[in-house]
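Read through the structure below, which is laid out as structure tokens, and then see the notes.
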Amino acid sequence: EKWQSKECEECECNEDNTVHCKPVECSVQPNITCDKAGEVVVTEIVDCCKKSRCEPKPVCVHNNTEYQPGASIPTDNCQKCKCGDSVDPDTELHVVECTPIECDKYCQQVGQTWTPPDDNCVKYRCDKIGDQLVPVEVKTVCPEFNPEECIPVREHVLQCLEVLLTAEGATWCWGRGSWHSH
């Protein structure tokens, strides 16, 4: 008679009524490497032998990067995405959930500047912060100026700034409550 002991040995009762046991022989397992993002090697003992396989982690995967449930996921400027709680039945990974948001049609490349059509008093520049292009307001900064010191030749309004051209050719602007050199 043959049986397997709790100590992972194969035992046999010989004809002379003695028990002979030897360790269970396990097939050689190749080293397993999980190639897909979001998977991890899981090893467990089955019938006294180690068995390894790749299993999905409880994460979302976007552009080969893993995100924990609830984490924000950087995407384009027209949607807001996060790692959701629901699980895809095919991949067994968490699902990336996105909601559309108002598109930023202006910030398409780093260094690009523009003035929104509805407010010509503001100017923006497109900066890269992390993986995303983000519009940043550009402030006009001018040194202090005393308007009594110059003789105005011409005045006009340019992008929400009152501009004063002097006889000497200097340009001054009125913005945020004071005169400034330009």
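The values are calculated or read from the model by the stated rules, or taken from the named source; none is laboratory data. Given the structure is predicted, the values throughout are model-derived calculations rather than measurements. For neighbour counting, all protein chains shown are included, and Cβ atoms are generated from backbone atoms with ideal geometry for every residue, glycine included. For the accessible areas, the whole protein counts, side chains as well, though only heavy atoms, and no ligand, DNA or RNA atoms are used. Shrake-Rupley method; radii C 1.70, N 1.55, O 1.52, S 1.80 Å.
Taking R0 as 22 Å, what FRET efficiency do you get between Asn31 and Asn63 from their Cβ-Cβ distance, rounded to the nearest 0.05? The computed FRET efficiency comes out at 0.20. Taking amide H atoms as placed 1.01 Å from N in the peptide plane, the amide H of His62 lies under 5 Å from those of Tyr67, each 5 or more residues away in sequence or on another chain.
For the pairs Lys57/Lys82; Lys36/Lys80; Lys6/Lys50; Lys2/Lys51, note any where the Cα-Cα span goes beyond 27 Å.
From Lys57/Lys82; Lys36/Lys80; Lys6/Lys50; Lys2/Lys51, over 27 Å: none.
Loop-resident trypsin sites (Lys or Arg not before Pro) (DSSP state other than H, G, I, E or B) in segment 23-114 with no more than 15 further Cβ atoms inside 10 Å of their Cβ: Lys36, Lys105. Rolling a 1.4 Å probe over the protein heavy atoms gives segment 44-118 an accessible area of 68 Å² per residue.
I'd like to know how segment 56-103 sits against the 2.2 N^0.38 Å rule of thumb: what's its Cα Rg over that expected value?
1.12
Of the three principal axes defined by the Cα atoms of segment 1-73, the extents in descending order read 70, 23, 13 Å.
Backbone phi angles across segment 5-16, fed through the Karplus curve with coefficients 6.51, -1.76 and 1.60 (θ = phi - 60°), yield HN-Hα couplings of 7, 5, 8, 6, 10, 8, 10, 9, 8, 7, 5, 8 Hz in residue order; Gly and Pro are listed as x.
Once the Cβ-Cβ distance of Arg125 and Cys98 is raised to the sixth power relative to R0 = 25 Å, the FRET efficiency obtained is 0.40. Overall, segment 59-110 carries a charge dipole of about 260 debye about its Cα centre when +1 sits on the Cβ of Lys and Arg and -1 on the Cβ of Asp and Glu, all other atoms neutral. Sorting the segments 90-97, 38-45, 55-62 by their residues' average number of neighbouring beta-carbon atoms within 10 angstrom, most packed first, yields 55-62, 90-97, 38-45. The gain in end-to-end length when the Lys51 to Cys21 segment is fully stretched comes to 8.5 nm, 0.36 nm per residue minus the alpha carbon separation.
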